[in-house]
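Here the structure is laid out as structure tokens; the discussion comes afterwards.
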Amino acid sequence: TTGTIKFTDTSATGKTFAGGGKTYGNFWYANGAGGAALTVIGSNTFADFKDDGSAAHSILFTTGTTQTVTTFTVSGTAGNLITINSTTTGTHALVKSGGGVISCDYLNIQHSVATPSSTWYAGTNSTNNQATATAGSGWVFTAPPGGTSIPVIMHHLRQQGIA
């Protein structure tokens, strides 16, 4: 539960993580400019769920599953949204454990039920597709109180090769 699982294959071929309902330390999807979709199977727990891909792509959670995270470090960039969705038109759940808030930006969110709802900020540049088919809930489509968080700033600096 303290290690890091890092996907480094930057090909355009989709990837699958079959978590088996276990608890993990850090999960890092480092697809770079590959643009491949990631499918996460099973209800899992992560200390940090991180995605730093620079191309538009999807993170698909199996319908009916719950991912519990302490931190969720996922933000796209202008013109390269990361889609958060389920594998079908049903919903998946994202649960924040511990204190603080989740601060993301440049996402396209659909079928995602985020709890507690006062902690999941999609940012001002994200697309709300939650009302499509089976509606999701819990995401706030603004910046978090107090502005942009350090994880979002660091993500953008990494995208520019500065950090």
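Just a yes or no: is a residue in region 71-93 open to solvent by less than 10 Å² (accessible area, probe 1.4 Å) and over 29 Å from P145 (Cβ atoms)? Looking for residues that are open to solvent by less than 10 Å² (accessible area, probe 1.4 Å) and over 29 Å from P145 (Cβ atoms), one finds none in region 71-93, hence no.
Of all residues in region 94-117, those that are crowded, with 17+ Cβ neighbours inside 10 Å and of a type in the set (D, E, K, R) have Cβ atoms under 6 Å from Cβ atoms of residues that are at pLDDT 95 or above and in a strand (DSSP E or B), 6 or more apart or on another chain, in K96/I102.
Within region 56-104, the set of residues being more than 13 Å from the chain's Cα centre (by Cα) and of a type in the set (A, V, I, L, M) comprises A78, V101.
Restricted to region 118-133, and to residues that are in contact with a strand residue (DSSP E or B) (Cβ under 8 Å, 6 or more places away or on another chain) and in a loop (DSSP other than H, G, I, E, B), which residue is surrounded by the most Cβ atoms within 10 Å (Cβ to Cβ)? Out of the qualifying residues, it is A122. Just one of the listed residues (T115, T148, T87, T134) is in contact with a Ser or Thr (Cβ under 8 Å, 6 or more places away or on another chain) and modelled with pLDDT of 95 or more, and it is T87. Looking only at region 24-70, filter to residues that are of a type in the set (D, E) and closer than 14 Å to T4 by Cα; which one of those is most open to solvent (accessible area, probe 1.4 Å)? The extreme case among them is D48.
The values are calculated or read from the model by the stated rules, or taken from the named source; none is laboratory data. This one's a predicted model, so the numbers in the text were calculated from it and none came from an experiment. Here Cβ is always computed from backbone atoms with ideal geometry, including for glycine, and neighbour counts include all displayed protein chains. Accessible surface areas use protein heavy atoms only, side chains included; no ligands, DNA or RNA. Shrake-Rupley method; radii C 1.70, N 1.55, O 1.52, S 1.80 Å.
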